[in-house]
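Data block below; observations after.
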Amino acid sequence: MPLTYSVQEDSLLLTVSGGLTIFQAAERKPELLHALTLVQPRVVLDLAGVDEIDTAGIQLLLLLRRELAEQDRQLEIGAYSPAVVAALDLLQLHERFGPAEVLLPPAGEHA
Amino acid sequence: MKKDSARDAVVQEARELLVAMEAALLQIEMEGPTRECINAIFRAAHTIKGSAGLFAFDSIVQFTHQVEHLLDLVRQDRLPLNGHLMSLLLQCGDYIGELVDAIERGQEAEEPNAERRTALLAELALVALTASTGDAAEAAGAGQPAAAGDAVAGQREGLGAIDELTAQAPADYPYWHLSLQFNENVLRDGLDPLSFLHYLRSLGRIVAILPVESGIPDAASMDAESCYLGVEICFASGSSRQTLEDVFEFVRDDSRIDILSPHSVLADYATVLQRLAREDAARLVGLWRHHGLFNETQWRCLGAATVDEAAVSVIPVAAPDARQRPRLLDERRAQEQKFIKIEVSKLDQLIDLVGELVIAGASARLIARRRKDSQFEEATQAIDGLMEQIRDAALTLRMVQINEVFQRFPRIVRDIARDLDKDIDLIMTGSDTELDKSMVERLADPLMHIVRNAIDHGIEPANERLAAGKPPKATLRLNATHESGSVLIEVMDDGRGMDRDRILEKAVAQGLTSGEEDLSDADIYRFVFEPGFSTARQVTELSGRGVGMDVVKRNIEALHGEVSIDTEGGRGTVVRIRLPLTLAIISGFQVVVGNAVFVIPLDMVVECIDMPPHQSGSHIVAVRDEPLPFVPLRELFDLPERQQGRARKSLVIVQYGQLRAGLLVDGLLGECQAVIKPLGRLFGKVKGLSGSTILGDGRVALILDIPHLVHHTQQQEQGNTAVYAERGVTSAQ
């Protein structure tokens, strides 16, 4: 399963695996946005299993974050794959996705 | 209006204005600032900006705008016009000239020298800011010194005045700023913006990057396969703009790729901010602040841009321009009533036609004379008179003041003198002397070379001058006058002069002469014009590489002119260039030799006399007890003797420069209008002839090359004296 939901206390954990690129984006979008219909105030993404991500994937994450924010809910990334770290590094997007560094020190090129 | 002709008009006008601006600046440098000169400079900059703006040559508009602002401060006496500022303004003028050149080449989209532009803009802004703040402080200080409120008010006043200026001033921002918004289909086309960023990292360092997400529509209408993301990038890189643009080559269509060079004008950054949604703008400002990319004044300016969304104070450039345009057009119209700009080719066509008319008129007159119809003759005479006037008028259309060349020299002399650390006074006289337009253009380079030589080699450094008992400030004179049908241009310096012996030594070393011949000074100085001849002990940057004077000579000779040197050791050197007035039509004097008709330029004819008796074998006659060398044209051109009957011959005395000579001819035919046609290639090298013309009866007459013939007699004379001298020696033995 590329995307699974699980609930831990007041957090909703989304585990994504496989690719998060233009090829999967259309499919992932409704699945990710499904989180909007749920109620947990904190949504955590586990992206450790994402082996590929591109602009389309990043856009989806940003969209989800924004839509959640409109509901006064928070999106954090709880776990990264090297591909995700590299993409977020490149765009310097880490801080928009919560205190992620604390959970998992960024690897790779991040200084 | 076609863009091309508009382009030419803008280019030409801008060049003229730049020349005016430079002239005014140099005048200020010599005579101190006058309101008139400052206004002239300001007007020039203003008009250049205005006309460039009319055709959207933005690069010039923005640059000139800075210059204009600075000048405005000067005009308001808020900025002293010191030496530093003068140099800066001259350099800015040069750079505007480069931009104009780029327009002429049709490459206005590229910045000819981005680094230089940045440096100049930074300098301009710096100078402007010192002026404004100084003024504000003064204004504040003039009130009650301790009153903080007053100081603030004063500062605010200063701010108001400089807002517009700082908006156009280069920002501190030391990085490239890339503002990208990809087209929606980029992902579907298989291109990932992230890969561009990856590639970008190979060209430099991404200092800060801001993904702009406000382009993403709401969840329902967002298409997961479209690209909505934009990015703002601060990018540290030594790459060229072209390299950076090439990165985005594949996505350029429909994408917005804005690349701001380091230190772009503040208004450009303000535009970037304005384009962003509030939230993103705030983030970007945060990033910029974090990296300290602007100074306080600039922040205030940018702050205004984000806070007041109207942002009127930031980019006010467009508004006043819109108002200025109609006025500029009016100004131009007023000018057009005084001058019409005509293509040179049209003028040449007119002169050709006038030439044909002169020939046709001559043949009509000939027919009238043959028919002995007095009324007809009278009519042709009237037509002749008019034709002559038309000819003169047509020729004066082509005549321009030599000032067109001279006016470049104050600047050139100033720059060279500064480079070489010499103090030089340039005196130009006779700059209203008129000369054929085509010659003026081709005169510039040789003249420039001579002036360079004079400053570099001729004029000594100040200490040497003092040691030689001369004033430390050297004088360089440029003079132009009319002299017997030709134009004489002189470049005179009061430097060390040429060393006759050194030149001779060098000439012998180069095998130009054996050193044993009896050479006149003029002959020796002529060696300077030989290819590869240089006596400079030291090769300097400016001259002394041994190339040049031969090229000067060739260029001048191509104009049917000649160049000579007169010099006195320790006192200075004069280089004289003598040019014919025009290359098109001359008043000629027809003479007959055998069956051939020759034309002598009338301006050079002094008088005609009967040939006085003379010793056969000698080519010198006594005219009013003065010896006069002469050329027997028949012998020179090897023409057959005329049928017997008229033994009496005439001598036409001609003058070229200071030299006179006689031309021995069989008969005089009188004045004519000669349209000069070039000799064919075959005859181009024949000495003694400078061209041909067509007579009224359709025959071809050759035009005599008087300068050459006069020199010929001189050489002959010298040859004779040498012979006499030899004889003297033998008889003495």
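A short reminder: the numbers here are calculations on the coordinates, not readings from a lab. Quick caveat: nothing in here was measured; it's all calculated off a predicted structure. Note that each Cβ is placed from the backbone with ideal geometry, even for glycine, and that neighbours are counted across all protein chains shown.
Residues of A:9-22, mean number of Cβ from any other protein chain within 10 Å of their own Cβ, rounded to a whole number? Mean partner-chain Cβ count within 10 Å for A:9-22: 1. Quick one: check the C-alpha center-to-center distance for region B:431-462 versus region B:38-109, whole angstrom. About 27 Å separates the Cα centre of region B:431-462 from the one of region B:38-109. Listed peptides B:411-419, B:443-451 appear in the order B:443-451, B:411-419 once ranked by packing, highest mean of other Cβ atoms within 10 Å at the front.
Only bridges whose two residues both fall in region A:3-103 count here: according to DSSP, what percent of them are antiparallel, nearest 5?
Working: 6 of 20 bridges.
Bridges in region A:3-103 that DSSP calls antiparallel: roughly 30 percent.
At the listed q of 0.10, 0.19 Å⁻¹, the Debye profile of region B:390-486, built from one uniform point per Cα, gives log10 I(q)/I(0) equal to -0.34, -0.91. Using every pair of separate Cα atoms, the Kirkwood estimate puts the hydrodynamic radius of region B:344-400 at 12.1 angstrom. Couplings 3J(HN,Hα) for region B:193-204, derived from phi with the Karplus relation 6.51 cos²θ - 1.76 cosθ + 1.60 (θ = phi - 60°), are x, 4, 5, 5, 5, 4, 5, 4, 5, 6, 9, x Hz, where x marks Gly and Pro.
Phi angles of region B:393-402 translate, via the Karplus equation with coefficients 6.51, -1.76, 1.60 and θ = phi - 60°, into HN-Hα couplings of 5, 5, 5, 5, 4, 7, 7, 10, 6, 5 Hz per residue; Gly and Pro are given as x.
Taking amide H as placed 1.01 Å from N in the peptide plane, B:Thr567 has its amide H under 5 Å from the amide H of B:Val574, each at least 5 places away in sequence or on another chain.
Over the C-alpha atoms of chain A, the Rg to Rh ratio, Rh being the Kirkwood estimate, stands at 0.93. Between B:Ser202 and B:Asp392, the distance separating the two model label sites (each 7 Å from Cα on the Cα→Cβ line) works out to 7.5 nm. Across peptide A:27-36, the average count of Cβ atoms from other chains found within 10 Å of a residue's Cβ is 2. With θ taken as phi - 60° and the Karplus curve 6.51 cos²θ - 1.76 cosθ + 1.60 applied, the whole-hertz 3J(HN,Hα) list for region A:27-39 is 6, 5, 3, x, 5, 5, 5, 4, 4, 5, 7, 8, 10 Hz, x standing for glycine and proline. Summary of the geometry: region B:600-622 and region B:228-302, compared by the centres of their Cα atoms, lie 83 Å apart. Rg ratio for region B:586-635: its Cα radius of gyration over 2.2 N^0.38 Å, N being its residue count, equals 1.28. For region B:73-126, the list of trypsin sites (Lys or Arg not before Pro) that fall in a loop by DSSP and count at most 12 other C-beta atoms within 10 angstrom reads B:Arg105. Legend: mean number of C-beta atoms from other chains within 10 angstrom of residue C-beta atoms, peptide B:193-199, equals 4. A straight chain from B:Val686 to B:Glu441 at 0.36 nm per residue would run longer than the Cα-Cα distance by 85.5 nm. Pairs with C-alpha atoms separated by more than 24 Å, drawn from the list B:Lys437/B:Lys677; B:Lys422/B:Lys553; B:Lys341/B:Lys553; B:Lys470/B:Lys506; B:Lys553/B:Lys687; B:Lys437/B:Lys553, are B:Lys422/B:Lys553; B:Lys341/B:Lys553; B:Lys470/B:Lys506. For region A:1-60, the relative contact order is 44 percent, taking Cα pairs closer than 8 Å that sit 6 or more residues apart in sequence and dividing their mean separation by the residue count.
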